[in-house]
Every structure is written in C-alpha cells, then in structure tokens.
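**Q** Supplied in structure tokens, the structure appears directly below.
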Amino acid sequence: MLTKNGQILKSPTLNTIDDVEVLKQVFGLTTKSVFGVATNKSPGRGIGFTFKLKVPIKIVPSKLQEFSFIIAEAKYTGRLLTNAGVAPVLGDLVQVSIVRTNFAFSEDQIIAWLSAYGSVASTLQYRENPEIPDVVEDNIDLLMRLNKHIQSVLPAFGKRLNVRYKGQPIICSKCMIQGHVRKDCTTTANNWMGYVKMFVDSGAFHPSMFGNWYEYLQEMNDPKN
C-alpha cells in the first residue's frame, strides 16, 4: 500500500497524468515505451497502476522492493509486490489477504497460524468498506515473508481460515494436497476431516490451534467409537 508523506494513502487522488510521473521516477521510462495506462483506485484499498508496454522490459525486483516518487511536492513511498500468476520466491515480501473472516478470529489467532509459514512483516489491516465510510469489511491484509507456501484454507480454531495471495499454489479438490489440480490427481480422495488430520499429523501446530476439530478427531480415532 502507498503512503503519502508518511501516512497510509487510503483515499487516493492520483490520476492518469500522475501515472506518467510514476513511470519516469520509478521505472526510468518515458511515454514512448508505453501503449496504454490504467489507474485503479478504491477507497480504503489504495491505488494500482497498470502499464501496457510496447515492448517487454527487464525489471530487477530487488531494486524496487521499496520505491518512492514525488508529485506536487508530496512524497509517496511503496513496495513492489509479487505479480499475479507467478509463485513468489520464498523469502520475498508478499501481500497476504485473510478473506471472509466473519470477524471470527482474533489477531493473535491469525498470527499464530500464519507464523508457521513465515514472518508477519506488518500490522493486520482490515479493509475499509468502500460503500460505508468508517466501517470495515471482514477482510484483512498484511505483509509476510514466506518460508513455505500457505494452503488456501486452514483449519483454525474450529473454523475455516481463508488465505489468499498472488501466485499461491492451488489445492487439489480430490486429495486436498497442494500443488496440482483434480484432473492430474493420482492419489486417494480425501474429505475435510482427513484434511484437518494432515495438519495435526504434521506436528507443526499445537492441538489448541484446531479448536473442537482436534477433539472430534480424537473421538474418531478412539477404538471405543
């Protein structure tokens, strides 16, 4: 997310003309290299720039992890996030979203699960509702440095914690293992409790992090039942 003079830019006012300055100051390019420009603005979610180039250029991500530009004497700063469709390199800074939470998780509970996959590098920020001022949605954004990829659904505290980020490996709808799709699956079909058991058996999570699903698994495995 961009900042303006050190403050988070929640109500972006930049326009297409300003995009040209971003192009010059951040990427060192002129409009001669550009076929088209688009600006995507949303209250509470910041701003995005899309440049369609006439010819491909090589960008070194490490040089743009943090960037800045100046427009109308205001200094804007930002961070380069991973492109859609490309799995981020482990160790990269990645924007992670927790979606459709229904406000059912505390920040500590979310961090407890995410910390098993890397380090949380920012505060958890609820998205502001674009239609209702000063009211937030049940979606949370944060930055992480991953040391392994996160499954899109985590069995957290008896509920489903939905995690999204660009380039996130897909989960097979048949075996529920990450990294391939159903049509390419060669393993046995799984169900939700079998999926939960995979996490429990990994030993990477304390039993309390599963809520009543851990107790249910224990009952399922009890010979008396």
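The values are calculated or read from the model by the stated rules, or taken from the named source; none is laboratory data. Computed from a predicted structure; not experimentally measured. Glycine also receives a Cβ, built like all others from the backbone with ideal geometry; neighbour counts cover every protein chain displayed.
**Q** Suppose we keep only residues that are among the aliphatic types (A, V, I, L, M) and assigned to a helix (DSSP H, G or I) within the range 5-28. Which one would you say is modelled with the lowest pLDDT?
**A** Ile17
**Q** Of Lys75, Lys58, Lys54, which residue is more than 24 Å from Gln168 (Cβ to Cβ) and at pLDDT below 70?
**A** Exactly one of Lys75, Lys58, Lys54 is more than 24 Å from Gln168 (Cβ to Cβ) and at pLDDT below 70, namely Lys58.
**Q** Kindly indicate which of Lys148, Lys166, Lys174 is closer than 26 Å to Leu93 by Cα, in contact with a Ser or Thr (Cβ under 9 Å, 6 or more places away or on another chain) and surrounded by fewer than 18 Cβ atoms within 10 Å (Cβ to Cβ).
**A** Result of the check over Lys148, Lys166, Lys174: Lys166.
Conditions tested, residue by residue: (1) out of contact with any Leu (no Cβ under 8 Å at 6 or more places or on another chain); (2) in a loop (DSSP other than H, G, I, E, B).
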{"residue": "Gln151", "(1), (2)": "yes, yes"}
{"residue": "Val163", "(1), (2)": "no, no"}
{"residue": "Lys166", "(1), (2)": "no, yes"}
{"residue": "Pro169", "(1), (2)": "yes, yes"}
{"residue": "Thr187", "(1), (2)": "yes, yes"}
{"residue": "Met193", "(1), (2)": "no, no"}
{"residue": "Lys197", "(1), (2)": "no, no"}
{"residue": "Val200", "(1), (2)": "no, no"}
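**Q** Pairs under 7 Å by beta carbon, first residue free of Cβ contacts under 8 Å to residues at least 40 places away in the same chain and in the same structural domain as Arg145 (by TED's automatic domain parsing) in the range 155-169, partner part of a strand (DSSP E or B) and not acidic (Asp, Glu), six or more apart or different chains?
**A** As it stands, the answer is Arg160/Val153, since those pairs meet every condition given.
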